[in-house]
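Have a look at the structure below before the remarks.
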Amino acid sequence: FTPLMDELKDIQLYLSNDLTSAGVASCKPIASAANENAAKVKTALNNVVAELSRVQTELSPSAAAK
């Protein structure tokens, strides 16, 4: 998550200083890296959601009755 946030802040900084087409193009490598890290964060969050769902199922009263 931290690398993604750092990249997003860098993009914000680039664009706050230069909104010309050249300025936008200059942050393309950082945007590509941010997209890659966003995919990793999404996968990690999906894993957390799946694990929380598993724990919820284990702790539900119907699971305890089995």
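For first residues located in region 38-66 and modelled with pLDDT of 95 or more and surrounded by 10 or more Cβ atoms within 10 Å (Cβ to Cβ), partners that are assigned to a helix (DSSP H, G or I) and not aromatic (Phe, Trp, Tyr) and lie 6+ apart or on another chain with Cβ distances below 8 Å form the pairs Ala38/Leu4; Lys40/Leu4; Val41/Leu4. Among the charged types (D, E, K, R), in a helix (DSSP H, G or I) and surrounded by 12 or more Cβ atoms within 10 Å (Cβ to Cβ) - does that describe any residue in region 10-30? For region 10-30, residues among the charged types (D, E, K, R), in a helix (DSSP H, G or I) and surrounded by 12 or more Cβ atoms within 10 Å (Cβ to Cβ): present.
The values are calculated or read from the model by the stated rules, or taken from the named source; none is laboratory data. Note that the coordinates shown come from a computational prediction; the quantities given were computed from them, not determined experimentally. Positions of Cβ are generated from backbone atoms using ideal geometry, with glycine treated the same way; all protein chains shown enter the neighbour counts.
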